[in-house]
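The values are calculated or read from the model by the stated rules, or taken from the named source; none is laboratory data. Small disclaimer: the values here were computed from a predicted structure and weren't measured. Please note: Cβ atoms are built from the backbone with ideal geometry, for glycine as well, and neighbour counts cover all protein chains shown. For accessibility, only protein heavy atoms count, side chains too; no ligands or nucleic acids. Shrake-Rupley method; radii C 1.70, N 1.55, O 1.52, S 1.80 Å.
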Amino acid sequence: MSKDLRHYLWQFKGQNLLLAVILFVQALMVTFNGIANANALTALVAARFTTFGGWVGAMTVSFGIFCLGMYLQTYQYSRCQQLMDTAIRRDVAQRLSQTSYQTYHSQSPAVYASWLTNDVTTINQMGFSNVMDVVTQVFTVSMAVIALAGYHYSLVLVTIVLAVVMYLVPRLFNKPIQTRALAMTHANERLMNRLSDILSGFDVLNLLNLRRLLVTRTTAASQDTAHYINRWQHMNGISNGVINGVSVVCQNLVLLLTGFLVWRHLVPIGTVSASINFAGTVFAGLTGIMMSLTDMQAVIPIFTKFKAVPLPPLTGRQAVTQFQRAMQMQSVSFSYTPAEGLILQDFTLTLEKGKKYALIGPSGSGKSTVLNLLVGNLTDYTGTITWDGMDYRHITPASLVGQVTYLDQTPFMFNDTLENNITMGEPYPADAVTAVLQRTGLTDLVASLPAGLTTMVEKDGHNLSGGQKQRVVLARGLLQGRAIVFMDESTAALDAASAQAIEQMIVTDPALTVVMVTHHLRAEIAARMDQIIESKTFRKAANK
Ligand SMILES: Nc1ncnc2c1ncn2[C@@H]1O[C@H](COP(=O)(O)OP(=O)(O)O)[C@@H](O)[C@H]1O
Ligand SMILES: [Mg+2]
C-alpha cells in the first residue's frame, strides 16, 4: 500500500479503527451465516427439523445485525474519508503556500484546482475505498479459511497454495497501470486548464462572434482526457479479467476436492454447501483484494506529484522593521531562463524613504521584474539587495512583502463587504478606518452608498470602478501600515481624470515611498518625482 495512504489512515487512527471494528463484526456475521447455512443443510438431510429451524432463525438474526452494520459502516466510512480528504487538501495547500513565488506561478491555478478536486476524488475512489474493501476482505477470507479448516485440513492446504498463485498473477500489471494512471491525472489537469481558459474567455468570444468555440474546445478537451482515462481503464480491465479467471479456476479446484472428500465419506454432505460458500468467499475475496491493490497503484503517482512541489530552503529568519532609510540594489543581475538572457545586468538603484521614483521604458524591458525583485518575489539574482542595510537573503520573505502595497492594473476584490475588503477582517478602530478612507479619497463613495461600508463588493469588484478598486487596495495597505507603494502601470487602464487623481494623491503623500512604473508619465506627475529611471539603464550592453 502507498506510504502516503498509510500516513493519512494513521493520522486518524481512532476513527479508522472504529471503522475496522464495524467491518470485523460484518465479516463475522457473514461467516456465521455460511456456517449456519451448512449446518441447516446437514440437519435437514438428517431429518432433524427443529435443529434445521433453529439454524434458519440464527441466520435471520445474524443477517439483521449485518444490516445494522451496513448503516454504521457507510456513515463511519464517510466521516473517515472526509477527515482524510481535508487533511490531504490542507497539506497540498500548505506546500503551495510555502513554495517560492516562481514555483507557484510555474503552473496555472486550474492545475492546482484539479489536484484538490479530481486527484482527491481519485485518491478516495482508488485509495481509501479500496483500503476499506481490502480490510473487509481480509477479515472475511481469514474467517472463511478458519471455517474450512473445521471441515478438513486438506481444504485449507489447497486454498493456501492457490491463494499464492492469485497473489502473484496481478503483479504483472502494476507497472503499466501506474504509468497510465499518471498520464490520466495529467490529462485531468489539462482538461481543467483548457476549460477554465475557454470559460474565462466568454466575453471575448462573444464580441468575436465565436461562442461556438466554447462547445468545440470543450468537446476537444474532453475527448483528449477521455482517451487517457480509457487507456488506463483498458489496462485495469485486462487485469480484472485475468484475476477473475484465475479465481474461478481456483474455486472449482476446491469444489472438486470437496466432492472427493464427500464421496470418500471423509466429511458430511453439508460440507458441499460450506465449501462452495467458503471457497467462493476466499477466492472472490482474494480477487477483490487483488483488484483493490491494483487500483491503489493509481494513487502513488498522485502523491508523488504533490510532493514534487519544492519547499525552498528556509531563507532569512530576520523580520524587517518599519522602513527607515533606504532600499538598495547593488550590482544586481537577473534572468528568468538562461535562454532568455539577462534582464538586469549589474544594476544599481537606491530608493530612499519618502521619495518618489518613476520607472519608464518599453514593454518587456524588465520594469515589473525590478518591482518583483524589490518585494522579494524573485530570489534567483546575483548581487545584493538590502533593506535599511539588511541583506534580503537574511530576511523572511513574508516580513518584506508586508511592507509594500503593490498596485497593478487588476486590483483583486474579494466577494465580501467593502469594509472587509479594506480591513481584511481584522479589527481596526473605527477612526483608523475613517482616516484611511479620507486619505485615499473614498469618503464620498462610502457616503453615497446606501449600505455604506457594509455594501457587498461583487465578484471581481464589478460594482466598483477601476479607480475605486485602486483606492480600496491602497486603503488596505495603508491600514496595515504599509508605507511603500509600488504602482505597476496601475492607472494605465483608467480614464485620464481618474488616473491623474490617483497618481496625484499617491505622489503628494509625503509619508509614502513610491515607485511608479508607467509608460505615460504625465508632466504634473513627473514634476513631483525625485528621480526618473529609464529601463534602458537596466542592462550594461544597452547602455553602451
Ligand atoms: N515569469 C516569467 N518567466 C519568464 N520570463 C518572464 C517572466 N516574467 C517576465 N518575463 C520576461 O522578462 C522580460 C521582462 O518582463 P517584465 O519585467 O514584465 O517587463 P516590463 O514590466 O518592463 O514590461 C520580458 O521579456 C518577459 O517576457
Ligand atoms: Mg510590466
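Computed over protein heavy atoms with a 1.4 angstrom probe, the accessible surface ordering of L266, L83, L437, largest first, is L266, L83, L437. Its residue count N sets the reference 2.2 N^0.38 Å, and the alpha-carbon radius of gyration of segment 305-422 equals 1.20 times that reference. If you take all other residues with their beta carbon under 11 Å from the beta carbon of V457, and give Lys and Arg +1 and Asp and Glu -1, the sum is -2. Structural descriptor for the chain: relative contact order 15 percent, calculated from alpha carbon pairs under 8 angstrom and at least 6 residues apart.
Please determine, in degrees from 0 to 90 and to the nearest 10, the orientation of helix 129-151 with respect to the longest principal axis defined by the Cα atoms of the chain, where the helix direction is its Cα long axis. Once rounded, the angle reads 20 degrees.
Extent of the chain along its three principal axes (Cα atoms, max minus min coordinate, largest first): 112, 56, 54 Å.
Counting only other residues whose beta carbon sits under 11 Å from that of L512, what net charge do I get with K and R as +1, D and E as -1? All intermediate terms of the calculation are to be shown ahead of the outcome.
Working: positive: K353, K355, K356, R439, R482; negative: D509.
My count for the surroundings of L512 gives +4.
Measuring with a 1.4 angstrom probe and ignoring ligands and nucleic acids, K459 comes out at about 130 Å² accessible. In the chain, the portion of solvent-accessible area held by carbon and sulfur atoms comes to 62 percent [1.4 Å probe, whole percent, DNA, RNA and ligands not counted].
Could you give the accessible area per residue of segment 459-536, probe 1.4 Å, as a whole number in Å²?
Per residue, segment 459-536 has an accessible area of 40 Å².
Of the residues S247, S196, the one with the largest accessible area comes first in the ranking S196, S247, computed with a 1.4 Å probe on protein heavy atoms. Summing Lys, Arg as +1 and Asp, Glu as -1, what charge do residues with Cβ under 10 Å from the Cβ of D408 carry, D408 excluded? Once positives and negatives cancel, what remains is -2.
Packing-wise, with mean Cβ within 10 Å as the measure, how do 282-291, 138-147 rank, highest first?
Details: 282-291: 24.0, 138-147: 20.0.
Averaged packing, sorted descending, gives the order 282-291, 138-147.
Taking each DSSP H run with n ≥ 4 as -39500 (n - 2.57) and averaging over every residue of the chain yields -20000 deg cm²/dmol at 222 nm.
Percent antiparallel among DSSP beta bridges with both residues in segment 393-530, to the nearest 5? Before the final figure, lay out each step's value.
Numbers: 1 of 10 bridges.
Among the beta bridges of segment 393-530, antiparallel pairing accounts for roughly 10 percent.
Accessible area per residue for segment 243-344, computed on protein heavy atoms with a 1.4 Å probe, is 48 Å². Protection proxy ranking, highest mean first, for peptides 179-186, 70-77, 483-490, 150-157: 483-490, 179-186, 150-157, 70-77, where packing is the per-residue count of other beta-carbon atoms within 10 Å, averaged.
If you rank D509, D408 by how much accessible surface each has, with a 1.4 Å probe, what is the order from largest down?
Accessible-area ranking of D509, D408, largest first: D408, D509.
In the chain, taking the dipole from charged Cβ atoms about the Cα centre, the farthest positive-side position among G270, M516, T396 is held by G270.
Choose one of L207, A46, G288: the residue whose Cα lies farthest towards the positive end of the charge dipole of segment 3-307 (beta-carbon charges +1 Lys, Arg; -1 Asp, Glu; about the Cα centre). Among L207, A46, G288, the one farthest towards the positive end of the dipole of segment 3-307 is L207. Modelled this way, with points 7 Å down the Cα-to-C-beta line, the labels at H186 and L18 are 4.2 nm from one another.
When the C-alpha to C-alpha distance is required to be over 31 Å, the pairs from K355/K540; K469/K540; K356/K536; K175/K307; K356/K469; K353/K536 that qualify are K469/K540. Annotation: K355 carries an accessible surface of approximately 70 Å², with a 1.4 Å probe and no ligand, DNA or RNA atoms counted.
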